[in-house]
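Only the coordinates and a few stated rules stand behind these numbers; no lab work does. Here the structure is a predicted model, which means the values were calculated and not measured. Cβ placement follows ideal geometry from the backbone for every residue including glycine, while neighbour counts extend to all protein chains displayed.
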Amino acid sequence: NDLRSAVEHQQLALYYQPQVDGQGGISGVEALVRWSHPVRGRVSPAEFIPVAEESGLILALGAWVLDAACRQLAVWTDHPQLRRVTVAVNISARQIQQDDFVQQVRAVVRRHGIEARRLKLELTESVLISDIQGIADKMVALQLDGIRFALDDFGTGFSSLSYLKRLPLDQLKIDSSFVRDILIDPSDKAIARMVISLGHSLELEVIAEGVETEAQSSMLASLGCHRYQGYLYGKACAAPAFEALALGAAAAPA
C-alpha cells in the first residue's frame, strides 16, 4: 500500500550513476529509482523492487521510471555539454512481456522529443527465460528506431550463449560480483576476461559494474575492458549533483 501511494504521490526519484570511458570521460548514466518514505525514510530498492514485482506494481513503477528518465534526457538535450549523455533504464520481465511494450516505449520517446539512440534499455537474464523469441522481436523493432540494449548481470543467472546469438544486443555488463575480487580471485579474473573477449568477438560494448579502485580499473583495462561504472567514478546521485560532476569533469584539464 505504501509503494502504491509512493507511485501515485511522487515520493520516488531517479538517481543517476555515471558510466565512463577509458579516458575517464562520462559517456552515460544508469537511472536508478530511489524512494524516500515520509515515515520510514529511505527505503532500499532491495526491499521495494521485489514487492513491486510480486504485487504487479512493477508495471506502474517501470512506466514512471522510463518516463522520468526520458524527461531528464530531454532537459540534457538543451545543454551543450550533456546532450550526448546516454541514459540506461532497467526493464523488468513483466514490462517487456506486455503486448504493447514497443508502442509504450515509442510513445514516451515521442512525447519527450528525445533522440532514441540516447536511450538504452537494460535487461537481465531472468527476463529472457519465458519468451526469448517474442522479446527478441520487440528488441529488433525498437532497435530499428535507434534504441540500444544491454544485457545486465551476464554470467550470474541462467547464462546461455544462445541469448547472445539470438538477441540484438549492443552491450554486455560485467556484474560487480566478478569485479569485486578480480585482483585476488583467479576465477573472477578468468570470467571477466571471458566476457570481455566474448563481447568483442560479437562486436558488443563491454562495461564493468562495481569498479571501486584504480587497481580494479587497471586490471579491467589490461583485459580489454574500457568502460566502467562504480563508486570510483561516482555514486548514484540526483540530476543536479550529476550535472555538477559531469560539468566539472568536462572542465578539468586533460
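Restricting to bridges with both residues inside the chain, how much of the DSSP beta-bridge set is antiparallel, in percent to the nearest 5?
Taking every DSSP beta bridge within the chain, about 45 percent pair in antiparallel fashion.
Pop a pseudo-label 7 angstrom from the Cα along the beta-carbon direction at both Thr213 and Leu198 and give the gap in nm to one decimal.
2.6 nm
Give the calculated FRET efficiency between Ser176 and Asp100 to the nearest 0.05, with a Förster radius of 25 Å applied to their Cβ-Cβ distance. Don't skip to the answer; put the middle values down first.
Numbers: r = 33 Å, r/R0 = 1.33.
FRET efficiency, Ser176 to Asp100: 0.15.
How far apart, in nm, are the 7 Å Cα→Cβ label points at Val75 and Ser162?
In this crude spin-label approximation the distance works out to 4.4 nm.
Quick one: which residues, 5+ away or cross-chain, put their amide H under 5 Å from the amide H of Ala208? H built at 1.01 Å from N.
Under 5 Å from the amide H of Ala208 lie the amide H atoms of Ile174, Arg227, Tyr228, Gln229, each far enough along the sequence or on another chain.
What order do you get for 209-220, 38-49, 168-179, 97-108 when each peptide is scored by the mean count of other beta carbon atoms within 10 Å, highest first?
The densest-packed peptide leads the list: 168-179, 209-220, 97-108, 38-49.
If we count every other residue with Cβ under 11 angstrom of Val108's Cβ, Lys/Arg +1 and Asp/Glu -1, where does the sum land?
On the way: positive: Arg71, Arg106, Arg110, Arg111; negative: Asp67.
That works out to +3.
Taking Rg and Dmax of the Cα atoms in Å straight from the coordinates, which label in (i) 17.9, 51; (ii) 23.1, 69; (iii) 20.6, 73 is the correct one?
It is the value labelled (i).
Over all Cα pairs of region 1-148, how is the pair count split among 5 Å bins, expressed in % and running from 0 up to the last occupied bin?
2, 9, 18, 21, 19, 16, 11, 4, 1, 0
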